[in-house]
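Below is one structure, written out as structure tokens; the observations come after it.
The values are calculated or read from the model by the stated rules, or taken from the named source; none is laboratory data. On a predicted model such as this, the values are computed, not experimentally measured, just so you know. All Cβ positions, even for glycine, are placed from backbone atoms using ideal geometry, and neighbour counts span all protein chains on display.
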Amino acid sequence: MADHKNIERICIIIGIVTLIIGIGFAYFGESFGITAGTSADLSYVTTLFDDTVVHTIDIEIAETDWVSLQENASDEEYQLCAVTVDGEKLDNVAIRPKGNSSLSSVVSSDSERYSFKIDFDKYSDGLTYHGLDKLNLNNIISDNTYLKEYLSYDMMAYMGVAAPLSSFVKVSVNGEYFGLYLAVEGVEEAFAERNYGSDEGNIYKPDSMQIGGDNEMGGEKPDMTNMPELSQMPDMNQVPDQSSMPDFSQMGNMGGASGNDVALIYSDDELSSYENIWEGTVFDVTSSDKERLINSIKQLNAGENLEEVVDVEAVLKYFVVHNFVDNYDSYTGSMKHNYYLREEDGQLSMIAWDYNLAFSNFSGGGMGGGTTTTATASTDEATTLVNYPIDTPVSGTTMDERPLLNELLSKEEYLEQYHQYFQEFISGYFESGQCTATIDQATALISEYVKDDPTAFCTYEEYQAGVAVLEQFCELRAQSISGQLNGTIPATTEGQAAEPTALLDGSSLNISALGSSMGGGMDKNRITPTGQGTDQTASSDPKASAQTTTATTQQPAKGQPPNRPDGDTTSAAATPQPVDSSESTTTAENQTGDRQAAPISENGLQNDRTIPNGATATNWDIQTLILFGGSCLLLVMAILVTKLYKR
């Protein structure tokens, strides 16, 4: 072979082909199922979102910027800050208030405990916290238990549903303890990579309400004069008449066929009829992307090709958890928002979002800002919510007006599949004791932080009472759903109305203890500086009997900055200035973190806060490097052969 007259040409051809293969794997590896990662790819999963510890986040911000952020919170304007996460500092970070109704509630109160959105790469392209691009700090409003959103996401993860990671964080501002928050992963690039790998598809956040703002993705803030009176809300102390809810469809910036696009109702093929979906796009989309989504919505509404236009398993599992927790500030309620919609190759699925009003609060518990629920009303309401029908799980609307749910549950095949997933959920998460263990572990972790929380929306005793009711609610709700699955309790609104005596008795529950919806019930006088105003002898067990608190010190006036560690409340010199992203530096050292496959529980369902995609990011990097390096080695060998055996 070495003496072949064309050996030189043969070697050159081999070298060129090898080089092309190497370049192909390096630049087009995703087409071969290989995804190149970075050295810090998604390691935030096992750092910030390790939910076995309470993390620390310190926000360093100029006092003038903090005052502006507080006084103009509804504008949701970003301010420059530095963020230190568990001792690791990142400069040149953006922060702003966030939320819709929760933001409006805090704005109208004298509290300054806003939820925050942290954007790591707004001022510095490519800056992340161990791969995380967006982080939400949720203020746990309307939740005396501190657990409703955390528990909801844990349930979603158990069922293998795409949902944000979350963990508890002790938030400080300029060195002073500001409050115990829930850190929630943003639904952005990192989330998509963690859940879907390179096949991220298109993700939207349909929303026509935008009460308080959160309009980063587009749209105008609504005219609040069109908002219906909260006094029009129906009596939730009985099995609800779904036609009795007030008409929210005219509130604010609706567009899109009066908000029907948000409900995924097909109207026509015009792109302009679905503006409330396009304005919530997470990634850039093209006209063909939009047309494909409209075509999927059209087929969904016609009940055609459901397997092609709906990820049936993912959507049914999403609704299993969603319907268990009675969350009607959502797609299944009159507001028809607070969810993300994913589309890939024409197939639709849901991403869980915003569960602080789950476990009854949106439908009852004093909606409208602190309305006191009577003992009798609370008792009747508890029975209603504990038994809420799983086959018609909507409030303030009808099943026909929620086609993504209705078209599946109206088909016997999918209804049976839905019931099967529900049975797996009830037996695996509740009857096994996992729910109780999760609540107990979380409360053991956070109780001392709740006791000292200087900006809490409830007292420590209210927290204790709320946790006890939450655990009882989950137990009774699981029992009722088991009855609905085996036929001893009706699973539809009509059936329950016809057989009220078949319902499980929930009269032992005081639903209002879970927290007042829309931020009602905030005790403004309770908020005190760190370490002051609480009875340090109070039991840290949230199920223990309530003890008297000694909170008397008021918080600083709204808009006033917390004291800096050195006591200086005027200097802004400590806050970094925006820099060009090409020159940006940070003290954060990105560390390599393996992407791990989620452990599988006995029933075959995922049960961990890790990556559901299998292979690790580190392994993917090594595989890519080996292929590219091997190709280069072959090229070098080919060149050597050419030189050595050249005639």
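For the range 471-497, a residue qualifies if it is of a type in the set (A, V, I, L, M, F, W, C) and closer than 16 Å to I426 by Cα, and the qualifying residues are F473, C474, L476, A478, I481, L485, I489, A491. Selection within the range 42-80: residues that are among the aromatic types (F, W, Y) and either within 22 Å of the chain's Cα centre (by Cα) or surrounded by fewer than 20 Cβ atoms within 10 Å (Cβ to Cβ) (or both). The member of this set that is farthest from V169 (Cα to Cα) is Y78. If you go through the range 140-153 and keep only what is over 10 Å from the mean Cα position of the chain (by Cα) and over 15 Å from K98 (Cα atoms), you end up with S142, D143, N144, T145, Y146, L147, K148, L151. Does N202 fit the bill of being modelled with pLDDT of 95 or more, farther than 29 Å from V54 by Cβ and out of contact with any Leu (no Cβ under 6 Å at 6 or more places or on another chain)? Yes. Does the range 345-365 contain at least one residue that is at pLDDT below 95 and in contact with a strand residue (DSSP E or B) (Cβ under 9 Å, 6 or more places away or on another chain)? Yes - at least one qualifying residue is present in the range 345-365. Scanning the range 106-118 for residues that are farther than 11 Å from I57 by Cβ and in a strand (DSSP E or B) yields S115, K117. Among the residues making up the range 160-190, those that are within 12 Å of the chain's Cα centre (by Cα) and not in a loop (DSSP other than H, G, I, E, B) are S166, S167, L182, A183, V184, E185. Inclusion of D207 among residues that are within 22 Å of P403 (Cα to Cα), within 23 Å of the chain's Cα centre (by Cα), modelled with pLDDT of 50 or more and part of a loop (DSSP other than H, G, I, E, B) is warranted. Look at the range 61-87: where a residue is assigned by TED's automatic domain parsing to the domain that holds V171 and among the polar types (S, T, N, Q) and a partner is assigned to a helix (DSSP H, G or I) and surrounded by 22 or more Cβ atoms within 10 Å (Cβ to Cβ), sitting 6+ places away or on another chain with Cβ atoms under 7 Å, you get S74/L103; Q79/L69.
Quick grid of which residues meet (1) in contact with a helix residue (DSSP H, G or I) (Cβ under 6 Å, 6 or more places away or on another chain); (2) crowded, with 20+ Cβ neighbours inside 10 Å; (3) within 22 Å of S102 (Cβ to Cβ); (4) modelled with pLDDT of 95 or more:
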position: A375; (1), (2), (3), (4): no, no, no, no
position: V386; (1), (2), (3), (4): yes, yes, no, yes
position: P389; (1), (2), (3), (4): yes, yes, no, yes
position: G396; (1), (2), (3), (4): no, yes, yes, no
position: M399; (1), (2), (3), (4): yes, no, no, yes
position: R402; (1), (2), (3), (4): no, yes, no, yes
position: Y414; (1), (2), (3), (4): yes, no, no, yes
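In the range 261-272, the residues that are assigned by TED's automatic domain parsing to the domain that holds N406 form Cβ pairs under 9 Å with partners that are part of a loop (DSSP other than H, G, I, E, B) and hydroxyl-bearing (S, T, Y), at six or more places apart or across chains, as follows: D261/S208; D261/S267; V262/S208; V262/Y331; A263/Y331; A263/T397; L264/Y331. Of all residues in the range 324-342, one or more are assigned to a helix (DSSP H, G or I), under 20 Å from the mean Cα position of the chain (by Cα) and not charged (D, E, K, R). For F49, indicate whether it is hydrophobic (A, V, I, L, M, F, W, C), in contact with a strand residue (DSSP E or B) (Cβ under 8 Å, 6 or more places away or on another chain), at pLDDT 95 or above and not assigned by TED's automatic domain parsing to the domain that holds F178. Yes.
Counting the residues of the range 262-301 that are surrounded by fewer than 17 Cβ atoms within 10 Å (Cβ to Cβ) and of a type in the set (G, A, S) gives 4.
All of (1) over 30 Å from E304 (Cα atoms); (2) surrounded by 21 or more Cβ atoms within 10 Å (Cβ to Cβ); (3) among the hydroxyl-bearing types (S, T, Y) hold for Y418 with one exception: (1). Of the residues L127, L103, L137, the single one that is within 20 Å of the chain's Cα centre (by Cα) and not in a strand (DSSP E or B) is L103.
Mind counting the residues in the range 294-308 that are in contact with a helix residue (DSSP H, G or I) (Cβ under 7 Å, 6 or more places away or on another chain) and in a helix (DSSP H, G or I)? Total satisfying the criteria: 6.
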